[in-house]
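Following: one structure in structure tokens, then a few remarks.
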Ligand SMILES: Cc1ncc(COP(=O)(O)O)c(C=O)c1O
């Protein structure tokens, strides 16, 4: 949030005066970064030595992540997209990959770049992640892999997907772009499938500027990905694998390493924000929520609700416009669904069943602001603004309280 907004929220409004929820638009997303001195202290030796890419800080970062996630190998790469491409290349899969359509298009791009044909599965109506039953229906003799996505940080149905992959001798990969800090049945995301791949771009809870992390318990796979991120060169200048330049720089690694200790507090904060949104919005007819299964932890990288226009009496897009008029920016992650996008229409494969739930979800999805430094007070105001934009809701006089919560946010 900008200082200007904080100052505005701190002002007492004259009673009965109609004021927008936020006097000026505040940022939809604002990364909280570690102190610069910490990052520079980690980076300085690399800079002095002139070893500024894929060297000691990267190795330290990889070791720290592997330890934190309880996984044998972590390979740092330049992005999640490249990480997923390298995983497919290193696994040597060919043919079809089954993946959800309700995701960011980079998930599917990684398949296309790997010359895999994407086959879209519908989403689960509760968790909004890939529906295992629909995925199973879509398996054919050409299927090589399943690519699940821990959507917004909510873990997939991992046990069911793992069983299905094993039964059908398929590779299982997770796009964990959103899920650093998430847990599945008490175990950190990062331990599952053949490999999981995180993103470290600025909207994530762990930020390296740009970057990705591949985690796996398979030593041979890790070795191939290490070669793959360096054009395929395993060190003998005679590549076996078609790699690319997907190395991480030392500066990105220093940023990530310094940010690692902030992740727990961020997950906790995002969960508090999610609970606050749910507290206010739960009573509204036509507002749907993503279900996090008992025993799981979502990082809540994003907080999204589903707006059923018929029940709410307002469309998602009109609601967005009403919120924007209040100075509240929202997004529509991820609409349209991937199979509806120009690049993917050829792969929508209606013959293999509809993607009805995905289409319905994409039509009504609304992403509300969520980030570590967002005061709970502001969250409540945003939620109230959603409530009051619904027809029939009477606008209450704003209780312009101090923005004390903002000051309490740990640095
Ligand atoms: C689900 C998902 N997969 C993959 C990516 C790509 O990540 P990166 O930008 O690190 O390549 C993103 C980006 O946010 C994403 O949301």
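Computed over the Cα atoms of the stretch 84-201, the ratio of the radius of gyration to the Kirkwood radius (Rg/Rh) comes to 0.92.
Shape class for the stretch 278-331, computed from the alpha carbon gyration tensor (a ≥ b ≥ c): oblate, with a/c not under 1.5 and a/b at or below b/c. Comparing 356, 167, 261 in a Gaussian network model of the chain where C-alpha atoms under 10 Å apart are linked, the largest mean-square fluctuation is found at 167. Could you check what % of the DSSP bridge pairs in the stretch 36-261 are antiparallel, to the nearest 5? Counting DSSP beta bridges with both partners in the stretch 36-261, the antiparallel share is about 45 percent. Under the simplified labelling scheme, the residue 278-residue 356 pair shows an inter-label distance of 2.7 nm, with each label point 7 Å from Cα along Cα→Cβ. Considering only 104, 120, 180, the mean-square fluctuation computed in a Gaussian network model of the chain, springs between alpha carbons under 10 angstrom, is largest for 104. With respect to the chain, whose longest principal axis is taken over its alpha-carbon atoms, helix 158-167 is tilted by about 30°. Oblate is the label for the stretch 242-370, because a/c, from the alpha-carbon gyration tensor with a ≥ b ≥ c as root eigenvalues, is 1.5 or above and a/b does not exceed b/c.
Principal axis analysis of the Cα atoms in the stretch 36-261 yields extents of 56, 40, 27 Å, listed in decreasing size. Against the main long axis of the alpha-carbon atoms of the chain, helix 56-69 sits at an angle near 70°. Ellipticity at 222 nm from helices only: DSSP H runs of n ≥ 4 in the chain, each -39500 (n - 2.57), divided by the residue count, give -11000 deg cm²/dmol. The angle separating the long axis of helix 80-91 from the principal Cα axis of greatest extent in the chain is about 30 degrees.
Placing a label point 7 Å from the Cα of residue 245 along the Cα-to-Cβ direction, the residues of the stretch 60-97 with a backbone N closer than 17 Å are 77-79, 82-83. Nearest 5 is fine: what % of DSSP beta bridges in the chain come out antiparallel, could you say? Counting DSSP beta bridges with both partners in the chain, the antiparallel share is about 60 percent.
Shape class for the chain: oblate, because the ratio a/c of the largest to smallest gyration tensor axis (alpha-carbon atoms, square roots of eigenvalues) is 1.5 or more and b/c is at least a/b. Full extension of the chain between residue 41 and residue 141 yields a length gain of 30.7 nm, computed as 0.36 nm times the residue separation minus the alpha carbon distance.
Values quoted throughout were computed directly from the atomic coordinates according to the rules given, and no laboratory measurement underlies them. Since the structure is predicted, the reported quantities are computational estimates derived from the model, not experimental observations. Note: ideal-geometry Cβ built from the backbone for every residue, glycine included; neighbour counts use all protein chains shown.
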